[in-house]
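Let me begin by presenting the structure, written as structure tokens, before commenting on it.
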Amino acid sequence: EVSIVVPFGKYAEGLLTITDITGKSVTAMNLSGDRTIKTFNMDVSGYNSGLYFVNFRSGEKSYTQKLVIADRK
């Protein structure tokens, strides 16, 4: 499980997308909040190991961060 912090800014909703290294969309979901920074928990146990990009877009603002998922042995 990962915690994703999203800044809603002046809007109360936004789109969260997770893409793999090739640009293929793995997850897309609409999120809503109360115009503050919110934390959402996501289960990523079904994701393959690798590098992903987490993007959150709210209004005209867009934020992107890297997410690395590694095997636990």
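The values are calculated or read from the model by the stated rules, or taken from the named source; none is laboratory data. On a predicted model such as this, the values are computed, not experimentally measured, just so you know. Here the Cβ is made from the backbone with ideal geometry for all residues, glycine too, and neighbour counts use every protein chain on show. What goes into the accessible areas is simple: the full protein's heavy atoms, side chains included, and nothing from ligands, DNA or RNA. Shrake-Rupley method; radii C 1.70, N 1.55, O 1.52, S 1.80 Å.
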### Task
Among Ala70, Val44, Tyr11, pick out the residue whose Cα is farthest towards the positive end of the charge dipole of the chain, where Lys and Arg carry +1 and Asp and Glu carry -1 on C-beta, about the Cα centre.
Tyr11
### By average C-beta atoms within 10 angstrom, highest first, the peptides 58-67, 8-17
8-17, 58-67
### Query
Averaged per residue, what accessible surface does the chain expose to a 1.4 Å probe, in Å²?
71
#### Entry: region 1-51, relative contact order in percent, only Cα pairs under 8 angstrom and at least six apart counted
48
### Query
Taking the C-alpha atoms of the chain, how large are the radius of gyration and the largest Cα-Cα span, Dmax, in Å?
12.6, 43
### Task
Whenever you get a sec, compute what percent of the accessible area on the chain sits on carbon and sulfur atoms (1.4 Å probe).
49
